[in-house]
Amino acid sequence: MPVETWLLFILSYMIVGSIVALELKNILASIVSIGIVGLGVSISFLFLQAPDLAIVQFLFEIFALIILVRAFAKREYHEEKAARVSGVMYFITVIVLVAVLVVSIPVFRALPPFGDPIMWVANYYLKNGAAETGSANLVTSVILDYRAYDTLGEVTVLFTAILGALTILKVRSKKEEREEDEDE
Amino acid sequence: MTVYVLCFALFLVGVYGVLTKRDLIKIILSTGIMGYSANLFLILFAYKKGAVYPILSKGEEIKAMVDPLPQALVLTSIVIELGITAMLVALAIKLYEKYKTFDITKIRRLSG
Amino acid sequence: MNREGMTLIVRTVTRISVWLIILYGIYIALHGHLTPGGGFAGGVIISLAFLNVTLAYGRKFTSRWLDIGLLGDIEASSASLILALGIMGMAFGGGFLANFLSHGKLFHLVSAGTIPIYNILIGAKVGMALFVVVWTLAITRIGEEEEQ
């Protein structure tokens, strides 16, 4: 079968999986079913000839599952009304989203067709990448040589996000501090 | 073209979750879905029919290869998404400790 | 059996497999310029190995087995080493983050100049950062259980 048929199958499967994950009542089942989407993306990366990304996406999926389950699964969970908005607004939201999808179809028609990209910059990288950087993996040569600034920015963003998470988790409310002071 | 439309539909499912769900955990999952579809769209856009992965191997002549540039950009994006997920989880846990609920309509002081 | 962590079977399998997982992470990070993978994937694999120990043996054992403060220091120092390597590129190679070492032969492990060094540093940075965050999440849950 051609790649496009496989991708259509995987993508429709992912859409169904994401809707199921959002609509399930049980939060543990919901977290597990989001794995359908993540692993589907990983398989699509393999079909689209991106093995680097498939590895990283697979690991991301495992890591996110562990974080979410550790953080949320054991807490008391009160299931209340499913939707934030009332009935009429809910239907209006769904209708607007479907309308956005229908209206955007001409935009996608204007893009280059699937399987026939514009490769002006890429041709230079593919032709000269191995000779100029000495790296057999051309993705690595782009990340760490041609576009190392991008990686430096990524490291900075990750550092800031982790720093923010640590700060949020370690800060204690004033009430707790007062109680501790009284204990002393 | 159908592939692009389906990928955009996946993005809109994420938007639907952010707009209508009242549970913080499901909002975090919806942002994850939006991130997945954005990454996948970039890679879909770079695929070339009949091309192979952009990694040279010993003793093989160079054939047609797919574009390595979007792959490099998406690789960094996935790792950043992981950091953002960790940060959102930390925020949600702190909110739970303060208000004892994950229901965002009950977290009053944020809505002003 | 009032010990932390999981059953005997999981602990025994973990004791054998965790070293293999760490070895695989190092392999993925070191061969980033030859095969699929690289610093990001290798770092996440190593942090998953530490996470495996945390889940199987519990927090007390892990805090004795690993020096968590040291891991935080490794993370911060690899971030600054990346910057230092970039500035060295400015001094020797003519531009910030330039590849100033010799490229060597294609398909050899020691080749491609500074790319393997960057891969190792990024692996250490990403892996340690993610593990420290999950570790802090685990610590937060301890405090809450004690309150109740």
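The values are calculated or read from the model by the stated rules, or taken from the named source; none is laboratory data. None of the values given here were measured: they were computed from a predicted structure. Don't worry about glycine lacking a Cβ; one is built from the backbone with ideal geometry, like all the others, and counts go over all protein chains shown. Ligands, DNA and RNA are excluded from the accessible area calculation, which covers all protein heavy atoms including side chains. Shrake-Rupley method; radii C 1.70, N 1.55, O 1.52, S 1.80 Å.
Evaluated over the Cα positions of segment C:5-78, the convex hull gives a direction-averaged projected area, one quarter of its surface, of 5.3 nm². For segment A:4-137, the share of accessible area belonging to carbon and sulfur comes to 73 percent (1.4 Å probe, ligands and nucleic acids excluded).
Placing a label point 7 Å from the Cα of A:Ile92 along the Cα-to-Cβ line, the residues of segment B:1-43 whose backbone N sits under 17 Å from it are B:16, B:19-21.
For the protein assembly as shown, the Kirkwood hydrodynamic radius from C-alpha pairs, put into Stokes-Einstein at 20 °C and a viscosity of 1.002 mPa s, yields a diffusion coefficient of 91 µm² per second.
Does segment C:64-139 classify as rounded, prolate or oblate by the C-alpha gyration tensor (a ≥ b ≥ c root eigenvalues; a/c under 1.5 gives rounded; else a/b over b/c gives prolate, otherwise oblate)?
Here segment C:64-139 falls in the prolate category.
Just the number, please: carbon plus sulfur as a percent of the accessible area of segment B:2-111, 1.4 Å probe, no ligands or DNA/RNA counted. Here it works out to 67 percent. The solvent-accessible area of A:Ile118, taken with every protein chain present and a 1.4 Å probe, is close to 100 Å².
With every protein chain in place and a 1.4 angstrom probe, the accessible-area ranking of B:Tyr96, A:Tyr90, largest first, reads A:Tyr90, B:Tyr96. Sorted largest first by accessible area at a 1.4 angstrom probe radius, with every protein chain in place, the residues C:His31, C:His108 fall in the order C:His108, C:His31. Accessible surface of B:Asp23, taken over heavy atoms with a 1.4 Å probe and every protein chain present, rounds to 20 Å².
Our Cα-only numbers for segment C:7-148 put the radius of gyration and Dmax at 18.2, 62 Å.
Taking only the Cα atoms of segment B:2-111, the ratio Rg/Rh comes out at 1.16, with Rh defined as the Kirkwood radius. Summed over both chains, the area buried between C and A is near 3700 Å², taken from the accessible surface of protein heavy atoms with a 1.4 Å probe. Translational diffusion of chain A, estimated by Stokes-Einstein from the Kirkwood radius over alpha carbon pairs at 20 °C in a medium of 1.002 mPa s, is 99 µm² per second.
Translational diffusion of segment B:1-52 was estimated from the Stokes-Einstein equation, with Rh taken as the Kirkwood radius over Cα pairs; at 37 °C and 0.692 mPa s the coefficient is 277 µm²/s. Estimated at the nearest 10 Å², the accessible area of B:Lys63 is 120 Å² with a 1.4 Å probe.
Keeping every protein chain present and rolling a 1.4 Å probe, give me the accessible area per residue for chain C in Å².
49
Think of a 1.4 Å ball rolled over the protein heavy atoms: chain B then has 40 Å² of accessible area per residue. When accessible surface is computed with a 1.4 Å probe, chains B and A are found to bury approximately 8100 Å² between them, both chains counted. Taken over segment A:85-134, the alpha-carbon convex hull comes to 132 cubic angstrom per residue. Ordered by 1.4 Å accessible area with all protein chains kept, A:Ile67, C:Ile68 run largest first as C:Ile68, A:Ile67.
What is the percent carbon and sulfur in the accessible area of chain C, measuring with a 1.4 Å probe over the protein chains and ignoring ligands?
69
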